[in-house]
Amino acid sequence: MNSDIGEDKVPLLQLLTPEGARVTGRGNSAYRKRIAGLKPEQLRGMYRDMVLTRRFDDEATSLQRQGELGLYAPSRGQEAAQVGNAYALAPQDFVFPSYREHGVLQVRGVDPVDRLEFYRGTDHGGWNPLEYNAQVYTVVIGSQALHAAGYAMGVQRDGLVGTGDPAKDTAVVTYFGDGATSQGDVNEGLVFAAVNQAPVVFFCQNNQWAISEPTTRQTRTPLYKRGEGFGIPSLRVDGNDVLACYAATQEALERARSGGGPTFIEAFTYRMGAHTTSDDPTRYRTTEQEEIWRKRDPIDRLRILLENEGAIDGDFEAELRAEADALGERLRERTRKLEPATKTQMFETVYATEHSIVSEDRAWFEAYEAGEPTDATYATSAPAGAASQTAVAQQGGTR
Amino acid sequence: MTAPAPGPTTTTFRQAYREALRDALRRDELAFLMGEDVGMYGGCFGVSTGLLEEFGPERVRDTPLSEAGFVGAGIGAALNGMHPIVEVMTVNFSLLALDQIMNNAASMLHMSGGQFNVPLVIRMTTGAGRQLAAQHSHSLEGWFGHIPGIRVLAPGTLEDARGMLWTALQDPDPVLIFENGRLYGTEGELAPDAGPVEIDHAAVRRAGTDLTLITYGGSLPRALEAAELLLADGISAEVVDLRTLRPLDTTTILASVSRTHRAVVVDEAWRTGSLSAEVSARIMEGAFYELDAPVARVCGAEVPIPYAQHLEQAALPQPEDIALAARELVQDHG
């Protein structure tokens, strides 16, 4: 299909080539300065988080195949985009992920087992968003873009933008994919962020596929240009280049925290795995295409750089492998031990407080489960007054 | 000597829906299918597999990820004389298109002074039971049954899965077809010459004398199973399949209840403010003096549908729940 959205015709910020070499040409000097100060231990940290993210991904995929998880959405191939982005965050920044941002949550320090509670169905929450400044996974496509815009407007009202205090100034990042850019919510999120100059970074991982639909089904213009149309500074970065993703995000976050408003970053990457474990990519894409992107693996290129610069050696690699193995073992063991939720748990998170309809349903359900007589007509056979008294008694937990 | 008519063939709901689409696309050159992943992928639930290859990308169209977009565009195409069949992946996603469905498709004839009807068919998956969690699993067809200007269908048999689409396409007004996702893989026998069916009436799927189970769609097989369980207890249950949720065929409902004098409404959707409430109210309005017992309801738990399998199943009406409610109704009001 003819299209002008492909990689050859669009300027792309790249600081690390697929071969693992730093890009030294002219034009990127402002971004190169942003990574010049990254110390070897920081680069090793990025590498470690990318490797552990992939191990998490592989383990979770296997656990799903073994029937231990209901579903899983792999992030394979997007580790550089997510980890590079998350390394630029300040602790007070707040992130709104979709269901695929395992690399961001890795950097945020969310326990991998807590993340799998969601996919196992033992707990929808999994972690406390306020502890990590990371919202729980959002499943609805693109909704979080509006949530991020609103949260950022709240940050403005709190006076946490443009104070000049780096420990105080706060930004928000939201993550979504190429498919989500067609949804109203994302476009409306861009409108709200732009007109309010809200401190939010729209981090679009263009991984080329929305389930079976290629990006050409969503757009005839490079996605970053969508941001420009809303009056938002925008750029495309090599999403498999952790350094470019870090540098671009850092610039965007500085703009946001200082009061300069939103930024749209299109991280051009590839979903190497399936959309979810329910999906079979062989139905819609070629192994040739997958092979092209395998050669651009984000982890390989950082490893080559670190090896060439002497930042890692065989010992480090061996230790990291051992750490990944330990993570895998811990994930398998602890995930299998996660207890299924009790059957009445579904009644506990419908309302924040006691609620008459839920209490009635729950009382019926508990009686049914206990093999006690239930009243299929929900007390309608009793006089109206008696029925309401029954409801009150049920709220007290007796029947 | 004539060859014997071919016997019924084993098929699934998925295949029956696909055959209906194929038939419509063959018979009506103005018909086309559009939605997310309907082409190359064959639909997220595999309903349109092979149709892109057979009919080409003009008539089987993968769209951008925008429910408001493809439903709204479907309305526009219908206004221009086309016969669009729009697929929404799940009923939960249809909420993104609710403005297009209700404020536009359902109101267009009225707001244009009768000038523009909208011959649009919208198909979507409904129902729980496949571990897709609270944002992909609800049963909101009752909400759509609330809206004047549209017709709402809910196939619960292979014949209806095969036959409702074509009749819906002949309707000059918007028609919504709710395909219960649990049934897609359900197998059964379908006559090789199965074709269009009428979409005005409810159907008695099993005759009985002691009470009537009133249901539709994905709950129909469970109600029929419950009727078997009840038979073992010596209770004879009639099963009425609503088929069309708007307009409800009140005549068939009241006729059955007038024979059996007891009714249990079964719907996996929530109880409060629901289609089951509407059916119950109509029985009260139209057959109050025929009733030997209050109308009972067996509905889904009033919670967002849980993701964990055991919770999800617990939240849905099961044959045993239905049989229990029926038994209590007969025993308490014998």
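The values are calculated or read from the model by the stated rules, or taken from the named source; none is laboratory data. This structure is a prediction, so every number in the text was calculated from the model and none was measured. Cβ atoms come from the backbone with ideal geometry, glycine included; neighbour counts cover every protein chain shown.
Consider only pairs whose beta carbons are under 7 Å apart and that are at least six residues apart or on different chains; among these, list those whose first residue lies in the stretch A:140-151 and is more than 14 Å from every other protein chain (Cβ to nearest Cβ) and whose second residue is part of a helix (DSSP H, G or I) and of a type in the set (Gly, Ala, Ser).
Partner pairs satisfying both residue conditions: A:Ala148/A:Gly189; A:Ala149/A:Gly189; A:Ala149/A:Ala193.
Going through the stretch A:340-356 one residue at a time, which ones are farther than 15 Å from A:Phe118 by Cβ, surrounded by fewer than 16 Cβ atoms within 10 Å (Cβ to Cβ) and not polar (S, T, N, Q)?
Listed by number, the residues that qualify are A:Glu348, A:Val350, A:Tyr351, A:Ala352, A:Glu354, A:His355.
Tally time: how many residues in the stretch A:1-33 are under 24 Å from the mean Cα position of the chain (by Cα), farther than 30 Å from A:Gly328 by Cβ and at pLDDT 95 or above?
The total comes to 3.
For the condition touching a Lys or Arg at 6+ places or on another chain (Cβ under 8 Å), surrounded by 21 or more Cβ atoms within 10 Å (Cβ to Cβ) and not assigned by TED's automatic domain parsing to the domain that holds B:Pro247, what is the one hit in B:Gly50, B:Gly42, B:Gly46?
B:Gly42
Do we have any residue at all in the stretch A:178-186 that's surrounded by fewer than 22 Cβ atoms within 10 Å (Cβ to Cβ), within 14 Å of chain B (Cβ to nearest Cβ) and either in a loop (DSSP other than H, G, I, E, B) or not acidic (Asp, Glu) (or both)?
Among the residues of the stretch A:178-186, at least one is surrounded by fewer than 22 Cβ atoms within 10 Å (Cβ to Cβ), within 14 Å of chain B (Cβ to nearest Cβ) and either in a loop (DSSP other than H, G, I, E, B) or not acidic (Asp, Glu) (or both), which makes the answer yes.
So, in the stretch B:305-320, exactly how many residues are within 7 Å of chain A (Cβ to nearest Cβ) and over 20 Å from B:Asn92 (Cα atoms)?
2
Which of (1) within 25 Å of B:Gln309 (Cα to Cα); (2) of a type in the set (A, V, I, L, M); (3) within 14 Å of chain A (Cβ to nearest Cβ) is the odd one out, the single condition B:Met124 does not satisfy?
All conditions are met except number (3).
Conditions tested, residue by residue: (1) in the same structural domain as A:Gln208 (by TED's automatic domain parsing); (2) touching an Asp or Glu at 6+ places or on another chain (Cβ under 8 Å); (3) in a helix (DSSP H, G or I).
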{"site": "A:Asp8", "(1), (2), (3)": "no, no, yes"}
{"site": "A:Pro11", "(1), (2), (3)": "no, no, no"}
{"site": "A:Glu19", "(1), (2), (3)": "no, no, no"}
{"site": "A:Lys33", "(1), (2), (3)": "yes, no, yes"}
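Residue check, B:Arg282 against (1) more than 7 Å from chain A (Cβ to nearest Cβ); (2) buried (at least 23 other Cβ atoms within 10 Å of the Cβ); (3) over 30 Å from A:Glu117 (Cβ atoms), all met but one. Which one?
Checking B:Arg282 against (1) more than 7 Å from chain A (Cβ to nearest Cβ); (2) buried (at least 23 other Cβ atoms within 10 Å of the Cβ); (3) over 30 Å from A:Glu117 (Cβ atoms), the one that fails is (2).
How many residues are out of contact with any Leu (no Cβ under 9 Å at 6 or more places or on another chain) and within 22 Å of A:Val186 (Cβ to Cβ) if we restrict to the stretch B:70-91?
4
Could you tell me whether the stretch B:228-238 includes any residue that is buried (at least 24 other Cβ atoms within 10 Å of the Cβ) and either without any contact (Cβ under 8 Å) to a residue 24 or more places away in the chain or out of contact with any His (no Cβ under 8 Å at 6 or more places or on another chain) (or both)? Give the derivation first.
Residues of the stretch B:228-238 that are buried (at least 24 other Cβ atoms within 10 Å of the Cβ), as a first pass: B:237.
Still in the running and either without any contact (Cβ under 8 Å) to a residue 24 or more places away in the chain or out of contact with any His (no Cβ under 8 Å at 6 or more places or on another chain) (or both): B:237.
Yes, because at least one residue in the stretch B:228-238 is buried (at least 24 other Cβ atoms within 10 Å of the Cβ) and either without any contact (Cβ under 8 Å) to a residue 24 or more places away in the chain or out of contact with any His (no Cβ under 8 Å at 6 or more places or on another chain) (or both).
Within the stretch A:140-148, does at least one residue satisfy the condition of being more than 20 Å from A:Gln82 (Cβ to Cβ), assigned by TED's automatic domain parsing to the domain that holds A:Gly184 and assigned to a helix (DSSP H, G or I)?
Looking through the stretch A:140-148, at least one residue is more than 20 Å from A:Gln82 (Cβ to Cβ), assigned by TED's automatic domain parsing to the domain that holds A:Gly184 and assigned to a helix (DSSP H, G or I).
Looking only at the stretch B:10-39, which residues are within 14 Å of chain A (Cβ to nearest Cβ) and surrounded by fewer than 22 Cβ atoms within 10 Å (Cβ to Cβ)?
B:Met34
From the residues in the stretch B:141-160 that are closer than 18 Å to B:Val265 by Cβ and surrounded by fewer than 21 Cβ atoms within 10 Å (Cβ to Cβ), which one is nearest to the other protein chains (Cβ to nearest Cβ)?
Among them, the one singled out is B:Trp143.
Restricting the stretch A:350-377 to residues that are outside any helix (DSSP H, G or I) and facing chain B (nearest Cβ under 8 Å), which is modelled with the highest pLDDT?
We begin by selecting, within the stretch A:350-377, every residue outside any helix (DSSP H, G or I); these are A:350-355, A:370-377.
Next, only the ones that are facing chain B (nearest Cβ under 8 Å) stay: A:350, A:373-377.
Numbers: A:Val350: 92, A:Pro373: 75, A:Thr374: 70, A:Asp375: 60, A:Ala376: 48, A:Thr377: 46.
So the residue we want is A:Val350.
For a quick check of your reading: which strands (runs of 3 or more DSSP E) sit entirely within the stretch B:145-262 and have at least 2 residues that are of a type outside the set (A, V, I, L, M)?
Passing ranges, in order: B:175-180, B:187-190, B:203-206, B:211-215, B:237-241, B:244-246.
Please give the number of the condition B:Ser276 fails out of (1) in a helix (DSSP H, G or I); (2) of a type outside the set (Phe, Trp, Tyr); (3) over 21 Å from the mean Cα position of the chain (by Cα); (4) away from every other protein chain (no Cβ under 11 Å).
Among (1) in a helix (DSSP H, G or I); (2) of a type outside the set (Phe, Trp, Tyr); (3) over 21 Å from the mean Cα position of the chain (by Cα); (4) away from every other protein chain (no Cβ under 11 Å), B:Ser276 violates only (3).
Considering only the stretch A:35-54, state which residues are charged (D, E, K, R) and surrounded by 20 or more Cβ atoms within 10 Å (Cβ to Cβ).
Across the stretch A:35-54, the qualifying residues are A:Asp49, A:Arg54.
Checking the conditions here, which among B:Val60, B:Val91 is touching a residue at least 60 places away in the same chain (Cβ under 8 Å) and of a type in the set (Val, Ile, Thr)?
Among B:Val60, B:Val91, only B:Val91 is touching a residue at least 60 places away in the same chain (Cβ under 8 Å) and of a type in the set (Val, Ile, Thr).
Kindly list, by first and then second residue, each pair from a residue in the stretch B:6-26 that is assigned by TED's automatic domain parsing to the domain that holds B:Met82 to a residue that is exposed (fewer than 13 other Cβ atoms within 10 Å of the Cβ) and of a type in the set (Val, Ile, Thr), limited to pairs with Cβ atoms under 6 Å and residues at least 6 apart or on different chains.
none
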